[in-house]
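Q: Before we start, here is the structure in question, set down as structure tokens.
The values are calculated or read from the model by the stated rules, or taken from the named source; none is laboratory data. Everything numeric in this text was worked out from a predicted model, so none of it was measured. With ideal geometry, Cβ positions are generated from the backbone for all residues, glycine too; neighbour counts draw on all protein chains shown.
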Amino acid sequence: MAQPTWRDVMFSIKTFGAAALALYVAFALELTQPTWAMLTVFVVSQPIAGMVVAKSLFRVIGTVVGATVALALVAAFAQSPSLFLTCLALWIGAGTFTSVLLRDAPAAYGAMLSGYTAAIIGVPAALAPETAFDYAVGRCLEIILGIGCATLVSQVVFPRTAGVALKTSVNTTTTAVADWMGDVLRGESQEDKVLADQRKMIADVIALDNLRIYAGFDTPSVRAAGDVVRHLQGNLLSLLSILVSINDRLELLRNRAPAKYEALLDILGRTAARLQQADRARIDPDLEAATEQLRQEALRRLPTFDDMVRDHETIPVRNVLLRMGDLLATWQRIIDLREALLSDRPVSLSEAAPSTARYRDVTFALVAGSISATAVLVTAAFWIASGWSQGSTAVIFSGVICSILGALDDPATSAANFLRMTLLSVIFAAIYMFAVFPAIDGFTSLIIALVPFYLPFGIVLGLPRIGLKVTPLGLNLIAFLGLTNTRSPPDLAGFANSSLALLGGIGIGILMFRLLRPLGVEWMVRRIRRGVLRDLERLAVSQAPVSRDRFASRMFDRINALFSRLDASQPDQRALMRSTLAALRVSFNIMLLKTARNHVARDVAVAIDRVLDGLGYHFGALRSGAGDSGPLHEIDDAVVLLLAQPSQQAADLLTSLIAISGTLYRHADLFGSARQSPVPAVLRQGFPA
């Protein structure tokens with residue numbers, strides 16, 4: 001288990017200090033529920049200042065929207081409890097749906113919060129409509145107070161900005177990418193290590209986008225250079241796709257054409273050295289010139305069309321050399337962008353920043369939203385039928401637990417942990433309320449009493465493996481304590497009843513997850529796999545222009561989501577990881593086919609269109625579960641035509657067709673029996689099978 005660092009200790013001290021400040025101000029202003037101010041501090045506090053600001057902003061938005069909806073529902077349906085609760089359940093479901101659809105963008109937090117805030121404010125307000133407005137305003141003021149204190153402390157006391165974290169991450173990521181490039185080009189990586197490196201590189205590059213968003217809240221220089229960061233991320237994603245392609249072709253050459261592979265070792269080694277030199281150096285015109293010379297050498301060594309026809313083993317050689325030229329040019333651009341970002345200097349951007357895109361799973365979001373709505377309706381029905389005095393608390397927390405955990409692969413397991421932590425918080429709350437608080441006579445002694453619990457709790461929050469697991473313990477303890485300005489004798493019966501209601505609401509959430517979401521990680525893996533095939537299908541059949549950057553960003557997002565759920569030590573899961581990376585290479589070659597077909601004879605263009613239609617139909621059949629469409633003879637027909645019409649465009653098309661054919665053949669676990677050989681029949685003579 002990771003040991004706490006001084007940053008974890010400082011984060012805990014800052015968070016508790018902000019919570020104490022919020023509690024003091026709430027007491028001084030005589031707000032009705034100071035507990036909400038303290039609770040909000042722990043909810044929004046993050047180690048990085050920009051994260052606090054982003055989360056705080058969307059919490060304010062979510063709280064105001066949720067409070068407004070709550071008041072509207074109370075005004076319209078306070079006299080009709082069934083209709084009120086039905087509309088509330090639908091609103092919570094809509095908030096969960098939107099949150100899961102947006103995923104971990106900061107806006108997703110606001111959407112989720114607007115859903116269950118309507119329950120937190122609306123249910124008590126509906127029970128006393130005459131005080132609804134004052135109740136809603138009070139909750140908003142307490143929450144905004146907590147947000148203000150958390151933001152103030154994070155910005156003033158030893159601030160750690162997202163801008164600094166972003167620059168550090170960029171520097172670390174580019175250095176790691178340079179090392180990986182060297183390993184790939186020199187053939188020094190084993191398969192398991194390659195997959196592990198790929199997983200880390202993809203996750204790190206995609207994570208830069210969140211850091212860029214957070215840095216916009218706390219670092220003006222990064223906010224001003226937002227396009228630089230987006231260009232940098234886009235180029236890094238392009239570089240990763242190029243490396244994946246090179247690694248695949250080098251593996252093919254090592255296994256099936258070792259003489260051709262050995263002939264490339266010299267330029268591969270010099271390219272690896274040049275790339276790593278560029279990573280260690282700052283802007284160096286001489287180094288840039290040497291890099292450009294190496295790129296031109298790679299292009300000069302490209303096999304001609306006649307070479308490819310005469311010796312089919314040169315086809316993957318041509319692919320490697322083309323990608324090496326792209327690799328050198330892209331890496332030089334990355335170094336320029338990195339240095340501009342790190343030194344805060346302007347850089348020439350000749351084109352618009354690449355658009356980042358993420359995949360959206362509408363079906364999964366609908367399932368999550370439906371479960372949240374159903375949980376609230378079931379709990380509400382039990383409340384009305386039983387007449388339970390604390391049933392309103394169960395209704396609220398059934399919606400809260402389903403909203404918070406709805407996006408997880410296995411929410412029932414996480415909800416069970418939430419229940420265990422909440423039960424522990426009940427025990428701690430009972431100790432405080434019945435043993436500690438009776439001896440407290442002022443604010444100072446209250447803070448002293450809370451320190452032994454919340455300082456260690458804040459430190460544990462910073463530990464990645466257990467932080468999320470223990471979060472409900474500290475947050476629910478604050479809720480159970482119910483700190484207010486009015487002091488009254490502890491009520492054991494009332495405490496037990498409200499605790500049972502809260503635990504009951506969580507229990508109903510677990511039941512809904514067990515009944516309505518019995519599928520776990522495997523289900524999500526299958527959905528992502530189908531999503532990859534759907535993207536390929538749409539790409540192949542689409543007549544409209546497709547943005548390479550947006551498509552690659554979405555595909556990498558899917559791959560990252562898949563890799564985070566798979567174990568590279570398991571052979572079947574390792575094969576799926578390789579196959580999804582292969583799908584990325586297929587997509588880029590499809591794009592090359594669609595571009596090059598515009599510059600060839602009509603009969604060749606028609607043949608390429610048939611290949612694209614065949615690929616689209618094949619991917620669609622695999623996605624729908626109808627089985628694959630069998631061998632894609634359209635590829636063989638197109639290759640025959642290309643061999644009869646030599647040209648530069650024909651060479652490009654031939655290279656892409658062979659790359660697609662070989663990839664489909666080697667990754668039959670994803671692509672089915674589309675190809676019976678890595679190369680078309682006309683090329684098999686002299687080419688290793």
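Q: Being among the hydroxyl-bearing types (Ser, Thr, Tyr) and in contact (Cβ under 8 Å) with a residue 24 or more places away in the chain is the filter here, so list the residues in segment 152-171 that pass it. Before the answer, list the steps.
A: Here is the first cut: in segment 152-171, the residues among the hydroxyl-bearing types (Ser, Thr, Tyr) are 154, 161, 168-169.
Selection gives Ser154, Thr161, Ser169.
Q: Let me ask something else. Is it the case that some residue within segment 190-207 is among the polar types (S, T, N, Q), surrounded by fewer than 17 Cβ atoms within 10 Å (Cβ to Cβ), out of contact with any helix residue (DSSP H, G or I) (no Cβ under 6 Å at 6 or more places or on another chain) and modelled with pLDDT of 80 or more? Give the derivation first.
A: Narrowing segment 190-207 to residues among the polar types (S, T, N, Q): 190, 198.
Pick out the ones that are also surrounded by fewer than 17 Cβ atoms within 10 Å (Cβ to Cβ) and you get 190.
When the remaining residues are screened for being out of contact with any helix residue (DSSP H, G or I) (no Cβ under 6 Å at 6 or more places or on another chain), the result is 190.
Filter again for modelled with pLDDT of 80 or more, leaving none.
Scanning segment 190-207, I find no residue that is among the polar types (S, T, N, Q), surrounded by fewer than 17 Cβ atoms within 10 Å (Cβ to Cβ), out of contact with any helix residue (DSSP H, G or I) (no Cβ under 6 Å at 6 or more places or on another chain) and modelled with pLDDT of 80 or more, so the answer is no.
Q: Could you say which residue among Phe11, Phe27 is in a helix (DSSP H, G or I), touching a Gly at 6+ places or on another chain (Cβ under 8 Å) and not β-branched (Val, Ile, Thr)?
A: Selected residue: Phe11, the only one of Phe11, Phe27 that is in a helix (DSSP H, G or I), touching a Gly at 6+ places or on another chain (Cβ under 8 Å) and not β-branched (Val, Ile, Thr).
Q: Residue check, Thr486 against (1) β-branched (Val, Ile, Thr); (2) surrounded by 19 or more Cβ atoms within 10 Å (Cβ to Cβ); (3) in a loop (DSSP other than H, G, I, E, B), all met but one. Which one?
A: Result: Thr486 passes all but (2).
Q: Can I ask one more? Write out, first by first residue and then by second, each pair whose Cβ atoms fall under 9 Å of each other, whose residues are 6+ apart or on separate chains, and whose first residue, in segment 532-550, is touching a residue at least 60 places away in the same chain (Cβ under 8 Å) and closer than 14 Å to Leu612 by Cβ while the second is exposed (fewer than 15 other Cβ atoms within 10 Å of the Cβ) and among the charged types (D, E, K, R).
A: What qualifies is Ala540/Asp613; Val541/Asp613.
Q: Can you name the condition, by its number, that Ala128 falls short on among (1) surrounded by 19 or more Cβ atoms within 10 Å (Cβ to Cβ); (2) among the hydrophobic types (A, V, I, L, M, F, W, C); (3) free of Cβ contacts under 8 Å to residues at least 12 places away in the same chain?
A: (1)
Q: Could you grab me the full set of residues in segment 7-41 that are within 15 Å of Val460 (Cβ to Cβ), of a type in the set (A, V, I, L, M, F, W, C) and crowded, with 20+ Cβ neighbours inside 10 Å?
A: Those that are within 15 Å of Val460 (Cβ to Cβ), of a type in the set (A, V, I, L, M, F, W, C) and crowded, with 20+ Cβ neighbours inside 10 Å: Phe11, Phe16.
Q: Of these, Val378, Val320, which one is at negative phi, in contact with a Ser or Thr (Cβ under 8 Å, 6 or more places away or on another chain) and either modelled with pLDDT of 85 or more or buried (at least 23 other Cβ atoms within 10 Å of the Cβ) (or both)?
A: Numbers: Val320 fails: in contact with a Ser or Thr (Cβ under 8 Å, 6 or more places away or on another chain).
Within the list Val378, Val320, the selection yields Val378.
Q: Being within 20 Å of the chain's Cα centre (by Cα), of a type outside the set (Ser, Thr, Tyr) and over 25 Å from Ala375 (Cα atoms) narrows it down to one of Val44, Val60, so name that one. Explain how you work it out, then say what you get.
A: Values: Val60 fails: within 20 Å of the chain's Cα centre (by Cα).
Criteria check complete, one pass: Val44.
Q: Answer yes if at least one residue in segment 653-668 is farther than 23 Å from Arg310 by Cα, modelled with pLDDT of 80 or more, out of contact with any Pro (no Cβ under 8 Å at 6 or more places or on another chain) and not in a loop (DSSP other than H, G, I, E, B), and no otherwise.
A: Yes, segment 653-668 contains a residue that is farther than 23 Å from Arg310 by Cα, modelled with pLDDT of 80 or more, out of contact with any Pro (no Cβ under 8 Å at 6 or more places or on another chain) and not in a loop (DSSP other than H, G, I, E, B).
Q: Only one residue in Met38, Met10, Met51 is out of contact with any helix residue (DSSP H, G or I) (no Cβ under 9 Å at 6 or more places or on another chain) and aliphatic (A, V, I, L, M), so which one is that?
A: On the way: Met38 fails: out of contact with any helix residue (DSSP H, G or I) (no Cβ under 9 Å at 6 or more places or on another chain); Met51 fails: out of contact with any helix residue (DSSP H, G or I) (no Cβ under 9 Å at 6 or more places or on another chain).
Answer to the check: Met10.
Q: Give the residues of segment 386-400 that are part of a helix (DSSP H, G or I) and among the small types (Gly, Ala, Ser), sorted by residue number. Even if it seems obvious, please write down each step before you answer.
A: Restricting attention to segment 386-400, the residues satisfying the condition of being part of a helix (DSSP H, G or I) are 386, 391-400.
Of everything in segment 386-400, those that are part of a helix (DSSP H, G or I) and among the small types (Gly, Ala, Ser) turn out to be Ser386, Gly391, Ser392, Ala394, Ser398, Gly399.
Q: Of everything in segment 300-352, what is free of Cβ contacts under 8 Å to residues at least 40 places away in the same chain, outside any helix (DSSP H, G or I) and more than 25 Å from Leu240 (Cβ to Cβ)? Give them in sequence order.
A: If the condition is that a residue be free of Cβ contacts under 8 Å to residues at least 40 places away in the same chain, outside any helix (DSSP H, G or I) and more than 25 Å from Leu240 (Cβ to Cβ), then Pro303, Arg345, Pro346 are the ones that fit.
Q: A further question follows. Residue check: is Thr393 out of contact with any Gly (no Cβ under 9 Å at 6 or more places or on another chain) and surrounded by 20 or more Cβ atoms within 10 Å (Cβ to Cβ)?
A: The answer is no for Thr393.
Q: Quick check on Tyr116: is it part of a helix (DSSP H, G or I), more than 22 Å from the chain's Cα centre (by Cα) and at pLDDT 90 or above? Steps first, please.
A: On the way: part of a helix (DSSP H, G or I): yes; more than 22 Å from the chain's Cα centre (by Cα): yes; at pLDDT 90 or above: yes.
So Tyr116 fits the description; yes.
Q: Right, something else. Output the number of residues of segment 238-277 satisfying the condition of being under 20 Å from Arg295 (Cβ atoms) and either in contact with a strand residue (DSSP E or B) (Cβ under 8 Å, 6 or more places away or on another chain) or of a type in the set (Asp, Glu) (or both).
A: 1
Q: On the basis of being surrounded by 15 or more Cβ atoms within 10 Å (Cβ to Cβ), farther than 30 Å from Arg360 by Cα, in contact (Cβ under 8 Å) with a residue 12 or more places away in the chain and β-branched (Val, Ile, Thr), does Ile528 make the cut? Before you say what the answer is, go through the steps one by one.
A: Details: surrounded by 15 or more Cβ atoms within 10 Å (Cβ to Cβ): yes; farther than 30 Å from Arg360 by Cα: no; in contact (Cβ under 8 Å) with a residue 12 or more places away in the chain: yes; β-branched (Val, Ile, Thr): yes.
Spelling it out, it is not the case that Ile528 is surrounded by 15 or more Cβ atoms within 10 Å (Cβ to Cβ), farther than 30 Å from Arg360 by Cα, in contact (Cβ under 8 Å) with a residue 12 or more places away in the chain and β-branched (Val, Ile, Thr).
Q: Among the residues of segment 383-409, which ones are more than 32 Å from the chain's Cα centre (by Cα) and free of Cβ contacts under 8 Å to residues at least 40 places away in the same chain? Before you say what the answer is, go through the steps one by one.
A: So in segment 383-409, the residues more than 32 Å from the chain's Cα centre (by Cα) come out as 383-393.
Residues satisfying the conditions are Trp383, Ala385, Ser386, Gly387.
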